[in-house]
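Scroll down for the structure; my scribbles are underneath it.
The values are calculated or read from the model by the stated rules, or taken from the named source; none is laboratory data. The structure presented is a predicted model; accordingly, all values stated were derived computationally and were not measured. Every residue, glycine as well, gets a Cβ built from its backbone with ideal geometry; the counts of neighbours run over all protein chains shown.
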Amino acid sequence: MTGILLVCFGTTREEARLDSVEALYTTFRENYPALRVTRAYTSPTVRRVLAERGIEVPGVEEALREMAEAGVSDLVVQPGHLLYGDDYRTLETQLLPHRAAFHNLLLAKPLLAGIEDLRSLAWLLAGRYPAEEASCFVWVGHGSETFANCVYPALQTIFWEQGRTDMLVGTVSAYPDCETVLRQIQRAGYRKVQLMPLMLTAGDHAVHDIAGEAADSWRSRLQEAGLEVSVSLKGLGSMASVRALYLRHTDEALEKAGYHVL
């Protein structure tokens, strides 16, 4: 039997969970009806809070055991991560003790695994959000202390190569930071900024670090600089076109596992 395990950090913000994380899970079940598809959240805190609400979602270890016990021999693990950062590497490590329980246990690529992924994402986001006079879009990701963080400036470069110099990319905890992006906005002369989460789901980081009222949020710092700021609280997972990019990586991994994707 072939199975798919979708792994995400998870979120306790119910609207975000439903329109991004669970929407991605539903897309996987609909696109692979012949396979056993389940999901896991990596955050113990998120799982605990959800369990208190009566929503049970397993962790990675539990989900792997359940798959093996159900008779799954070929398992593709699709991460909801955007890049090859610390969370992706942690997931790789978690899978190692379970490899003997499966004939094939494959970890698929994250959303932005290479240049073609970056081009695809930039193209679909540019198409979804047309340019507006005197306004720019600022896509804010988590950021990573690993070399994988280069994905963020690379994405901005590709936006600009596609003619969308009004698309800027920043991060909450790495480079490019808010000050770097603010300088770009000011040099270009934009008066209006639309903040967008470059994250699978608009969870706590989006609500507090990007859209929050605190003085150190992206919204507050840009407003303090005299800019007119609006914020979207929709994660990338809420877009069907982005969910299709994840499916593409899963299809590639299934082919490697010997499962022919129709």
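Values as computed for the structure displayed
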| read-out | value |
| --- | --- |
| Yes/no for residue 117 being of a type in the set (Asp, Glu), surrounded by 13 or more Cβ atoms within 10 Å (Cβ to Cβ) and under 15 Å from residue 249 (Cβ atoms) | yes |
| Residue match in the stretch 96-104 (condition: in contact (Cβ under 8 Å) with a residue 60 or more places away in the chain and either in contact with a helix residue (DSSP H, G or I) (Cβ under 7 Å, 6 or more places away or on another chain) or surrounded by 13 or more Cβ atoms within 10 Å (Cβ to Cβ) (or both)) | yes |
| Residue under evaluation residue 138, criteria (1) touching a Pro at 6+ places or on another chain (Cβ under 8 Å); (2) in a strand (DSSP E or B); (3) of a type outside the set (S, T, N, Q), criterion not met | (1) |
| Hey, residue 61 surrounded by fewer than 11 Cβ atoms within 10 Å (Cβ to Cβ), out of contact with any Ser or Thr (no Cβ under 7 Å at 6 or more places or on another chain) and either closer than 20 Å to residue 96 by Cβ or of a type outside the set (Lys, Arg) (or both) or not | no |
| Any hit, the stretch 95-111, residues being touching a strand residue (DSSP E or B) at 6+ places or on another chain (Cβ under 7 Å), of a type in the set (S, T, N, Q) and modelled with pLDDT of 95 or more | no |
| Odd one out for residue 79 among (1) modelled with pLDDT of 95 or more; (2) farther than 30 Å from residue 164 by Cα; (3) in contact with a strand residue (DSSP E or B) (Cβ under 7 Å, 6 or more places away or on another chain) | (2) |
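Rundown of residues vs (1) of a type in the set (A, V, I, L, M, F, W, C); (2) at pLDDT 95 or above; (3) in contact with a His (Cβ under 6 Å, 6 or more places away or on another chain), yes/no style:
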{"residue": "204", "(1), (2), (3)": "no, no, no"}
{"residue": "208", "(1), (2), (3)": "no, no, no"}
{"residue": "212", "(1), (2), (3)": "no, no, no"}
{"residue": "215", "(1), (2), (3)": "yes, no, no"}
{"residue": "220", "(1), (2), (3)": "no, yes, no"}
{"residue": "223", "(1), (2), (3)": "no, yes, no"}
{"residue": "228", "(1), (2), (3)": "no, yes, no"}
{"residue": "236", "(1), (2), (3)": "yes, yes, no"}
{"residue": "239", "(1), (2), (3)": "yes, yes, no"}
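Every residue, every condition in (1) of a type in the set (A, V, I, L, M); (2) out of contact with any Pro (no Cβ under 7 Å at 6 or more places or on another chain); (3) within 18 Å of residue 2 (Cβ to Cβ), yes or no:
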site: 34; (1), (2), (3): yes, yes, yes
site: 44; (1), (2), (3): no, yes, no
site: 48; (1), (2), (3): no, yes, no
site: 54; (1), (2), (3): no, yes, no
site: 69; (1), (2), (3): no, yes, yes
site: 77; (1), (2), (3): yes, yes, yes
site: 85; (1), (2), (3): no, yes, no
site: 89; (1), (2), (3): no, yes, no
site: 97; (1), (2), (3): no, yes, no
